[in-house]
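These notes are about the structure you will find just below.
The values are calculated or read from the model by the stated rules, or taken from the named source; none is laboratory data. Keep in mind the model is a prediction, meaning the values are calculated, not measured. Methodologically, a virtual Cβ is constructed for each residue, glycine included, from the backbone with ideal geometry; neighbour enumeration extends over all protein chains shown. Ligands, DNA and RNA are stripped out before the accessible areas are found, and what is left, the full protein with its side chains, is counted by its heavy atoms. Shrake-Rupley method; radii C 1.70, N 1.55, O 1.52, S 1.80 Å.
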Amino acid sequence: MGIQIGKFIGVNIAKAVLLIIAISVVCFILVSASPVDPVRAYVGEVGMANMSQEALQQLNDYFGVNTPFWERYFNWLGDFVRGDMGQSLIYRQPVADVIGVKFINSMALMITAWIISGILGFILGIIAGMRRGSAADKLIKGYSLLLASTPSFWLALIMLMIFAVWLQWLPIGLSVPIGVDASEVSIFDTARHLILPALTLSVIGVANIALHTREKVIDVMEADYIVYARACGESTRQILKNHGLRNILLPAITLQFASFSEIFGGSVLVEQVFSYPGLGNAAVSAGLSGDVPMLLGIAVISAALVFTGNLIANILYGVIDPRIRRSMLHE
Amino acid sequence: MEKTKEILNIEDLCISFEQYEKGLRRVELNVITNLSVNVGEGEIVAVVGSSGSGKSLLAHAVLGLLPKNANVRGRVSFRGELLTAERIRELRGKEICLVPQSVSYLDPLMKVGAQVRHSRGDEDSIKRQERLFGDYSLKQKTAGLYPFELSGGMARRILLASALMESPKLIIADEPTPGLDLPLAKKAMADFRSFADEGNGVLLITHDIELALEVADRIAVFYAGTTVEEALVSDFEREETLRHPYTKALWRAFPRRGFQALDGVQPYVKDMPAGCPFAPRCGLAGPECAGEIPLRAAAGGTVRCVRFSGGEEINGGKEAKSNEA
Ligand SMILES: Nc1ncnc2c1ncn2[C@@H]1O[C@H](COP(=O)(O)OP(=O)(O)OP(=O)(O)O)[C@@H](O)[C@H]1O
Ligand SMILES: [Mg+2]
């Protein structure tokens, strides 16, 4: 059993390392092929015009403009392994520090949305599935199908218009009030700024999990073991509690962890619309201004995040489902 | 005709399924027609029929477990009281217990011990479950296994124990013996026998007529969704005391009578002939067999065959049909 788990951990670490190498190589190739000139991005158009040839040469050397591709890559990788992701061109700070802050902001947003959408989606899915064909089911299904095909940035704009512009209940953007000293920003302010983007993300996330849960409920409620539970005198409520939930929850939890990548994808656009200072927003700014070290750092961190979500899904599947857990132990 | 008090009485049960064929044409699939069986106190009645003859559907219909697209007509009464949908819900699991046909009826994510105890954790339930496990040679640690870890025979014993946990008036056992070795099958049958002898009833569904003959009091013979004959076990001693040509054909197919197998197969529900479903395979069939076949009572049994001349006609015909089941 110990060997099994050791092997599992080993295999997954190897997978993560390979994934990060692959992602970073691809990013490197894309960035090298792009017309972005890091020196120009760093000093700006005006700076370029006023710079001496010598200074330009120095910067070119610093950014490795004339260094061969693989050498540049391995320099980056070597630094990365040592925890140095380089210097951000637009923030003028180490990439690791910038990402650290953005990461926390993004996680607050995504985890809030992820939990709300997971719980809400699960409950709605169960209501719809248990009352298939009822008005509630049609409403939930309609809502989910509509939202599943709604672009997240569009929904974000609508939310912004309704709650921030018309009703003026919530702030338009950013994660703290404008013009307030950082030390005076309360947790309440932060939470208020989180509401709209998190709500937008949740509303979208609900659709997927609700539809999946609904299908699963319909499946499970037609299963032989539900028929037998009924034969043993259990009421619909008892059946849901004793047999339904565990059989429905298992795939739902797995799905929810695996869907972390979708919430992440959605958050890039939603952060942009709300100017929420998270990873997605930073990625867009870095991309637009040619901040290559930042871009690489974000790509790698994002890949690691999504990978972790999927890994947790796999592990949980093994822990919760006795069919998989026991077969691993018995081997 | 009954000497004993009646527990279950099924009269003219008809079950059909609504289905949509290609082009969304709605078809009514008649899977059970004019089926009648009854079980009295102290009786084991075996329902014998080949695969697809509607045995499981009968069990599910009595317990109100059929899917929504099923249409049920006819009368089912329990201890003299007509069973309505609400009444069934009150009785099942308490007065009427089912031994289902396969492991798929066990929750795959729940340990079997808890399932046998029907999720109860009180001391009495645990004691009773442990005793039943002992009776059926199941190791006590079997209780901690999940259904996927059971062998076919273990699953069968779990399903049996699950029904014997309760103290019902009627057990409906759907094929309770496949997968059990002979001593365990005999043990299960002996348990049913003593359960019945305490004044209860057992509806034993099986395709194993020899097993049925060993333990049951009466045999209801199913063919293509209907009862063609109800006979006492003693009627099976000689071919002449049997009433229906299908039952006689079954009798001749017994191993000790030389395995004279019957040609042909049971008709599929979609192309059921009018009148007697056995007519296409029957040596005595004539034009009258395509008409209405009345149920006749004779010598403690019943038969549905126009060629049978003894006994008297039972008025179980059209006008007696009511709508609740
Ligand atoms: N939900 C359903 N919809 C349509 N037809 C059905 C449905 N359930 C069962 N049937 C049909 O009803 C007939 C009888 O089925 P049933 O399961 O009662 O057979 P059985 O006698 O128990 O057979 P076996 O010995 O194989 O268990 C079969 O022809 C089957 O195809
Ligand atoms: Mg069956």
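Summary table
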quantity: Within the range A:306-331, considering residues that are assigned to a helix (DSSP H, G or I) and open to solvent by less than 20 Å² (accessible area, probe 1.4 Å), the one farthest from the other protein chains (Cβ to nearest Cβ); calculated: A:Gly309
quantity: Considering residues of the range B:16-41 that are near ligand 1 (Cβ under 10 Å from one of its atoms) and within 26 Å of B:Ile96 (Cβ to Cβ) only, the residue nearest to the other protein chains (Cβ to nearest Cβ); calculated: B:Phe17
quantity: Cross-chain or 6+ apart pairs with Cβ under 9 Å, the range B:172-188 first and hydroxyl-bearing (Ser, Thr, Tyr), then within 12 Å of ligand 1 (Cβ to nearest atom); calculated: B:Thr177/B:Thr206; B:Thr177/B:Asp208
quantity: Subset of the range A:61-116 [open to solvent by 50 Å² or more (accessible area, probe 1.4 Å) and of a type in the set (Lys, Arg)]; calculated: A:Arg72, A:Arg82, A:Arg92
quantity: The range B:189-207: number of residues that are in contact (Cβ under 8 Å) with a residue 60 or more places away in the chain and either of a type in the set (A, V, I, L, M, F, W, C) or closer than 20 Å to B:Ser56 by Cβ (or both); calculated: 9
quantity: Qualifying helices (runs of 4 or more DSSP H) (wholly inside the range B:55-139; at least 3 residues being under 27 Å from A:Arg326 (Cβ atoms)); calculated: B:112-116, B:123-135
quantity: In the range B:95-106, the residues that are under 20 Å from B:Gly64 (Cβ atoms), at the interface with chain A (Cβ under 7 Å from one of its Cβ atoms) and surrounded by 21 or more Cβ atoms within 10 Å (Cβ to Cβ); calculated: B:Leu98, B:Pro100, B:Tyr105
quantity: Number of positions in the range B:42-58 that are more than 8 Å from ligand 1 (Cβ to nearest atom) and in contact with a strand residue (DSSP E or B) (Cβ under 6 Å, 6 or more places away or on another chain); calculated: 6
quantity: Residues of the range A:117-135 classified as open to solvent by 40 Å² or more (accessible area, probe 1.4 Å), without any contact (Cβ under 8 Å) to a residue 60 or more places away in the chain and more than 16 Å from A:Phe257 (Cβ to Cβ), total; calculated: 5
quantity: Residues located in the range B:145-155, provided they are open to solvent by 30 Å² or more (accessible area, probe 1.4 Å) and not in a loop (DSSP other than H, G, I, E, B); calculated: B:Phe148, B:Glu149, B:Gly152, B:Met154
quantity: Residues within the range B:38-59 that are at negative phi, open to solvent by 20 Å² or more (accessible area, probe 1.4 Å) and more than 9 Å from ligand 2 (Cβ to nearest atom), tallied; calculated: 3
quantity: Residues (within 14 Å of ligand 2 (Cβ to nearest atom) and modelled with pLDDT of 90 or more) located in the range B:103-117; calculated: B:Ser104, B:Tyr105
quantity: Filtered residue count, the range B:80-102, keeping only those that are away from ligand 2 (no atom under 16 Å from the Cβ), within 27 Å of B:Thr177 (Cα to Cα) and in contact with a strand residue (DSSP E or B) (Cβ under 9 Å, 6 or more places away or on another chain); calculated: 6
quantity: Number of the condition not met by B:Leu82 [criteria: (1) more than 15 Å from the chain's Cα centre (by Cα); (2) surrounded by 17 or more Cβ atoms within 10 Å (Cβ to Cβ); (3) away from chain A (no Cβ under 14 Å)]; calculated: (2)
quantity: Some residue of the range A:226-247 being assigned to a helix (DSSP H, G or I), assigned by TED's automatic domain parsing to the domain that holds A:Leu305, of a type in the set (Val, Ile, Thr) and closer than 25 Å to A:Gly309 by Cα; calculated: no
quantity: Residue that is nearest to A:Ser88 (Cα to Cα) [pool: residues in the range A:308-321 that are out of contact with any Ser or Thr (no Cβ under 9 Å at 6 or more places or on another chain) and modelled with pLDDT of 80 or more]; calculated: A:Thr308
quantity: Out of B:Ala59, B:Ala70, sole residue that is within 26 Å of B:Gln115 (Cα to Cα), of a type in the set (A, V, I, L, M) and within 14 Å of another protein chain (Cβ to nearest Cβ); calculated: B:Ala59
quantity: Candidates B:Leu132, B:Leu160, filtered to the one that is touching a strand residue (DSSP E or B) at 6+ places or on another chain (Cβ under 9 Å), of a type outside the set (Ser, Thr, Tyr) and open to solvent by less than 20 Å² (accessible area, probe 1.4 Å); calculated: B:Leu160
quantity: Number of positions in the range A:52-81 that are touching a residue at least 12 places away in the same chain (Cβ under 8 Å) and not in a helix (DSSP H, G or I); calculated: 1
quantity: Unique residue being open to solvent by 30 Å² or more (accessible area, probe 1.4 Å), in a helix (DSSP H, G or I) and more than 15 Å from A:Thr308 (Cα to Cα) when the list is A:Leu269, A:Leu250; calculated: A:Leu269
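Conditions tested, residue by residue: (1) modelled with pLDDT under 90; (2) hydroxyl-bearing (Ser, Thr, Tyr); (3) closer than 21 Å to A:Tyr42 by Cβ; (4) not assigned by TED's automatic domain parsing to the domain that holds A:Ile195.
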| residue | (1), (2), (3), (4) |
| --- | --- |
| A:Gln93 | yes, no, yes, yes |
| A:Asp137 | no, no, no, no |
| A:Lys141 | no, no, no, no |
| A:Ala148 | yes, no, no, no |
